[in-house]
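The values are calculated or read from the model by the stated rules, or taken from the named source; none is laboratory data. Model, not experiment: these values are computed from the prediction. With ideal geometry, Cβ positions are generated from the backbone for all residues, glycine too; neighbour counts draw on all protein chains shown. Heads up: the accessible areas ignore ligands, DNA and RNA and are worked out on the full protein's heavy atoms, side chains in. Shrake-Rupley method; radii C 1.70, N 1.55, O 1.52, S 1.80 Å.
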There are 2 protein chains.
Amino acid sequence: MTTHRILPLPGYTPTIGRLVAMLDYARETTLAAVNGLTRAQLDHLHDARSNTIGALLAHIAAVERGYQLVTFDEREPSVSETAEWSAALKLGDRGRREIQGHDLQFYIDDLRRTREVTLAALAQRDDAWLEAPLRIAPGLNAHWSWFHVAEDEINHRGQIRWLRARLP
Amino acid sequence: MTTHRILPLPGYTPTIGRLVAMLDYARETTLAAVNGLTRAQLDHLHDARSNTIGALLAHIAAVERGYQLVTFDEREPSVSETAEWSAALKLGDRGRREIQGHDLQFYIDDLRRTREVTLAALAQRDDAWLEAPLRIAPGLNAHWSWFHVAEDEINHRGQIRWLRARLP
C-alpha cells in the first residue's frame, strides 16, 4: 500500500510537523528524480540557456540556506555568503561556468547537511513563531517562507524530470 | 511590500485554511506563468515528446478533479469520467492530439470552475477529516492529497516556465 500522509510529526509542534512532512515528501521526490545520474549527466547542458541538473540541485540547497538566514537568523546573507552562494542562487551564466565536475553524492550531501540544519532549527521553534511576520521581511511569515522552499524545489524538480527524460 | 503568508483563513478550519493558502499561492504563480499567452503559444510543441503549455494547464485542472472524487466523493472516477479526462490526465500522445485550439481563457475558466468546487467542499469539512485516512485509499489522507495537487501543479508550472522561455 502506498503511504503518504501529511500529519503532525513527533519532535515538532503540530503545524511545523505538517510542514516538515511536506518538505520531506518534496525532497524524497527530488532524490528519486536524480537517482543514479552520472557526473556527465549532472553536467549535461540541454541548450545554451538551460541549467544543468547538477546546478539545479545546488540551487535547491542554496535557496534553503537563504531561508534559514531569513527565518532563523533573521538577517540577510553577508557579503561572503552572497559571494559563495550566488552562482547556485542565481544560476544562469555563472551557474553554468562554476557548478560542474561533481558526482551525485556531492549534491546529495549538500542537500542533506542543509536539511539537517533546517530540521534542528524547526524542532526548537513553535507554531506561533511559524506564523508571525518575519522580523526582516514583515510581509512574509516563516510558514510561507518554508512552503516556498518546498515550492521552489518542486518547480525545479519538474524541470529536472523534463531534462532527465532528454539526456543524450 | 511583498506580502505572502500562510495562515488560517476565514471560512475554513485552521489547517484547511493554511492548505487553501498554499493552493491559492500555487495557482497565482501558475496564472502568472501563462499570463498573456496566445492560442498558438498554448498549442506550441517544443519537441515531439513535449506537452504543450495548454495541455499542462488542462492536466492541472484534471488532477484537481481527480482528487475531488477521491477525497470528497470517496470514489474512483467512473468509466465516462475516465474517458473524458484521460487525455489531460495522462498527457502524451492523446494529449498532443486532443488538447488544442483553445485560447487562454478556456483553460483559466476550467481551472477556476474546478477550484470553486474544491473550495466549497473544503469549507464544509474540518481538520479531523483532513488528516484521517482516505476511505478508498487508506495509505493516504486528504491533507497529503491536496498538498499533492499543489505539488503536481508547481511541478508543471516549473515546466511551463521553461517552455515559455523557449517559445519561438
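One table, with the values for the structure above:
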| item | result |
| --- | --- |
| Failed item in (1) among the basic types (Lys, Arg); (2) over 24 Å from residue B:17 (Cβ atoms); (3) within 14 Å of chain A (Cβ to nearest Cβ), with residue B:157 passing the rest | (2) |
| Selection status of residue A:21, within 16 Å of the chain's Cα centre (by Cα), crowded, with 18+ Cβ neighbours inside 10 Å and over 21 Å from residue B:6 (Cβ atoms) | no |
| Options B:2, B:30: the member that is among the polar types (S, T, N, Q) and open to solvent by less than 10 Å² (accessible area, probe 1.4 Å) | B:30 |
| Test: residue in the stretch A:142-165 that is surrounded by 13 or more Cβ atoms within 10 Å (Cβ to Cβ), of a type in the set (Gly, Ala, Ser) and farther than 24 Å from residue B:29 by Cβ | no |
| All positions within the stretch A:42-69 that are of a type in the set (Val, Ile, Thr) and out of contact with any Lys or Arg (no Cβ under 9 Å at 6 or more places or on another chain) | A:63 |
| Given (1) more than 15 Å from the chain's Cα centre (by Cα); (2) at pLDDT below 95; (3) open to solvent by less than 20 Å² (accessible area, probe 1.4 Å), index of the condition residue A:121 fails | (2) |
| Residue within the stretch B:20-39 that is away from chain A (no Cβ under 14 Å), in a helix (DSSP H, G or I), free of Cβ contacts under 8 Å to residues at least 60 places away in the same chain and not basic (Lys, Arg) present | no |
| Candidates A:136, A:108, filtered to the one that is more than 14 Å from chain B (Cβ to nearest Cβ), open to solvent by 20 Å² or more (accessible area, probe 1.4 Å) and β-branched (Val, Ile, Thr) | A:108 |
| Any hit, the stretch A:71-83, residues being of a type in the set (A, V, I, L, M) and over 25 Å from residue A:165 (Cβ atoms) | yes |
| Residues that are within 30 Å of residue A:25 (Cα to Cα) and in a loop (DSSP other than H, G, I, E, B), drawn from the stretch B:95-140 | B:124, B:125, B:126, B:132, B:135, B:136 |
| Qualifying position, being hydrophobic (A, V, I, L, M, F, W, C) and not in a helix (DSSP H, G or I), among A:89, A:167, A:69, A:163 | A:167 |
| Matching residues, the stretch A:2-17, being over 16 Å from residue B:149 (Cα atoms) and either in a helix (DSSP H, G or I) or in contact with a helix residue (DSSP H, G or I) (Cβ under 7 Å, 6 or more places away or on another chain) (or both) | A:7, A:8, A:9, A:11, A:12, A:13, A:14, A:15, A:16, A:17 |
| Residue B:43 vs. criteria within 25 Å of residue B:96 (Cα to Cα) and acidic (Asp, Glu) | yes |
| The stretch A:117-134 residues that are in contact (Cβ under 8 Å) with a residue 24 or more places away in the chain, paired with ones that are in a loop (DSSP other than H, G, I, E, B) (beta carbon under 6 Å, 6 or more apart) | A:123/A:11; A:123/A:12; A:126/A:13; A:127/A:13; A:131/B:7 |
| Identity of the residue in the stretch A:59-90, open to solvent by less than 20 Å² (accessible area, probe 1.4 Å) and hydrophobic (A, V, I, L, M, F, W, C), that ends up nearest to residue A:114 (Cα to Cα) | A:61 |
| Residue among B:63, B:34 that alone is more than 29 Å from residue B:125 (Cα to Cα) and among the hydrophobic types (A, V, I, L, M, F, W, C) | B:34 |
| Odd one out for residue B:44, checked against (1) open to solvent by less than 20 Å² (accessible area, probe 1.4 Å); (2) of a type outside the set (A, V, I, L, M, F, W, C); (3) touching a residue at least 24 places away in the same chain (Cβ under 8 Å) | (1) |
| Breaking point among (1) more than 17 Å from the chain's Cα centre (by Cα); (2) surrounded by fewer than 18 Cβ atoms within 10 Å (Cβ to Cβ); (3) of a type outside the set (A, V, I, L, M), for residue B:35 | (1) |
